[in-house]
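Rule-based calculations on the coordinates, nothing more; no lab input. Predicted, not measured: the structure shown is a model, and the values here were computed from it. A quick note on method: Cβ atoms are made from the backbone with ideal geometry, for glycine too, and the neighbour counts reach across all protein chains shown.
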Amino acid sequence: MYPEDYRYTKEHEWIRVEGDTGTIGITFHAQKELGDIVYVETPKVGTTITAGKAMGSVESVKAVSEIFAPVSGEVLAVNDELASKPEKLNADPYGAAWLVKVRLSNAPEVKGLMTAAAYQEYTAAEGSH
Amino acid sequence: MEPAGAATALQRTPLYSLHRSMGAKMVDFGGWDMPREYSGIIDEHLAVRTRAGIFDVSHMGEVEIRGPQALQLVEWVTPNAASRLQDNQVQYSALLYPQGTFVDDILVHRFGPEHFFLCVNASNQRKDYEWIVDQNRFDAEVEFASEKYAQLAVQGPQALATVQKLTRTELASIRYYWFARGEVLGIPAILARTGYTGEDGVELYLPPEEAERVWKAVLEAGREFDIRPCGLGARNTLRLEAKMALYGHEIDDTTTPWEAGLGWIVKLDKGDFLGREALVKQKEQGVARQLAGFEMRERGIARDGYVVRVDGRPAGRVTSGSPAPFLKKSIGLCYVPVERAGLGQRIEIEIRNQPVGAVIVPTPFYSRKK
């Protein structure tokens, strides 16, 4: 459920880093908690995002949730398909339903994020309240 | 993503453990730990519109009023004409403050000339009961009866066919907004042809200890219709498409029936009742604002509490806003100045500080073919 080579945030985003590029999405846990996703708002190509700051939002039938940037950087690409097919975020949150690709401006930020094992523990603890 | 909040000391219905074991996603609804969804809000919503669904609505409250002057008390605390009810008939009504605003919206069932059964909102049940007791200057007994009843709502075009398998009471002969006191699986039950979805269906009031048995039997009986267990998420989207008011949203202690488009539950000619004087006055003066339905014309989803702009200026707020799964639109209800509430009126909804275009449309957004 949590790819080993990804890093995770407490706000339930993931990032996969290749060189100086990061691909960002929301986790399986996030989409499951949200339920049917019907709307996605992502930052525009060329804009910069800042680690820990809101960079967009996803909406389920029931609620709006902000997406927080796991890292800082410049947006290189946006998954435009999600605008017309937001339900893909429920079906394939780690693959086809990535949100944005960014060029990292502060690569060490990634080290501060959770590993798959740490994230799994974190979500388990959160769910046991 | 915001982490979900921790739940503390929430109230539970008799079906709580079953919901958990069946994998429902739970939510804190006005202090109650209730199923938000089972298979998904969209899936459940469409099941109710096209087939059947069952909801646990045991969180709803019940108040029973008995005695020689039971009718006088009901007439005093509600604006609709309870005197026009016959035995086994149901009426949508309200409890109003002297200023004409809502204590709650309620269903009044007449069990007999001296016995009325009120179904009230979960989070208001104590307040409602105390309000009625405070207003009781009649020879009537008021009972807080919520603990005596579990409530299951079976809704959808196949709801009657489903429940009919479990009861000897002939459901087709119960008219809309009427009820029967009969049985389900031999268990004494009130079977009411009512609901909060805009579909045909029945609401069953049962002894709490029997709720689980009936819930399971309904799911089994509805299997041929592909029935779905449903949560409060779908209940909300269904009632919104049908433009049914939700306390705390369209109506509360600041809104009157005139403003909320519920003037039809106010019978000014029935004699005096709580709120009447204020409502007469407001009717003479005219209301300043009015509840209106809108649909988004630009990309975006209006949510509860969002600011509504008219002519570029803040003019009201969204009371309920959501994607409408059956209509496949983004819809909502809002209060706007009366002179700007006309059909076709362009408005804007402020979504994350951006004005997004919408238009006032006829309501209900959805009405079933009868």
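Brief remarks on what is shown
- B:D269, B:D134, B:D28 arranged by Cβ crowding within 10 Å, fewest neighbours leading: B:D269, B:D134, B:D28
- For the pair A:R16 and A:L76, the difference between a 0.36 nm per residue extended length and the Cα-Cα distance amounts to 20.2 nm.
- Other residues within the sphere of radius under 10 Å centred on the Cβ of B:E350, judged by their own Cβ, net out at +2 (K and R +1, D and E -1).
- Lys, Arg +1 and Asp, Glu -1 on Cβ, resulting dipole of the protein assembly as shown about Cα centre, debye, nearest 20: 1140
- Under-19-angstrom lysine pairs by C-alpha in chain A, whenever the two are 8 or more apart or on separate chains: 16
- From the alpha carbon centroid of the range B:113-135 to that of the range B:316-364 is 33 Å.
- Proximal charge balance of B:D104 [Cβ under 9 Å; K/R count +1, D/E count -1]: -1
- Global form of the protein assembly as shown, assessed from the alpha-carbon gyration tensor, a/c cut-off 1.5: prolate
- Distance in nm between pseudo-label sites at B:Q354 and A:R103 (7 Å out along the Cβ direction from Cα): 2.5
- A Cβ-based charge dipole, computed about the Cα centre of chain B with Lys and Arg at +1 and Asp and Glu at -1, lands at about 1260 debye.
- Per-residue mean of C-beta atoms belonging to partner chains within 10 Å, peptide A:56-67: 6
- When the Cα gyration tensor is reduced to axis lengths a ≥ b ≥ c, the ratio a/c is 1.5 or higher for the range B:197-335, and with a/b not above b/c it is classed as oblate.
- Cα centroid separation, the range B:60-75 to the range A:38-96 (Å): 53
- Mean Cα-pair separation over length for chain B, i.e. relative contact order, pairs under 8 Å, 6 or more apart, %: 18
- B:K329 long-range amide H proximity, modeled H, under 5 Å: B:A324
- With the convex hull drawn over the C-alpha atoms of the range A:1-56, the volume per residue is 98 Å³.
- Annotation: extensible slack from B:K281 through B:Y176 equals 34.5 nm (criterion: 0.36 nm per residue apart, minus Cα-Cα distance).
- Value in Å of the Kirkwood radius, where chain B supplies the Cα pairs that are averaged: 21.3
- Label-point separation in nm, B:S17 to B:E183, each point 7 Å along Cα→Cβ: 2.6
- Rounded to 5, the percent of DSSP beta bridges in the range B:176-292 classed as antiparallel: 90
- Shielding by partners for peptide B:91-100, expressed as the average number of C-beta atoms from other protein chains within 10 Å of each residue's C-beta, is 0.
- You can think of it this way: the chain between B:A288 and B:K127 has 55.1 nm of extra reach, that is 0.36 nm per residue less the Cα-Cα gap.
- Distance between the 7 Å Cα→Cβ label points at B:Q135 and B:R223: 4.8 nm.
- A Förster distance of 41 Å, applied to the separation of the beta-carbon atoms of A:V110 and B:R313, puts the FRET efficiency at 0.35.
- Charged-residue dipole, Cβ positions (Lys, Arg, Asp, Glu), the range B:185-274 about Cα centre, Debye nearest 20: 160
- In terms of the mean number of neighbouring beta-carbon atoms within 10 Å, the peptides B:78-87, B:292-301 order highest first as B:292-301, B:78-87.
- Footprinting exposure proxy for A:T21, A:T9 (fewest neighbouring C-beta atoms within 10 Å first): A:T21, A:T9
- Look at the dipole of the protein assembly as shown built from charges on Cβ: of B:H249, B:Q72, B:P325, the Cα furthest out on the positive end belongs to B:P325.
- The overall shape of the range B:47-160, judged from the alpha-carbon gyration tensor, is prolate: a/c is not under 1.5, and a/b is greater than b/c.
- Local electrostatic count, B:G67, Cβ distance below 12 Å [Lys/Arg +1, Asp/Glu -1]: -4
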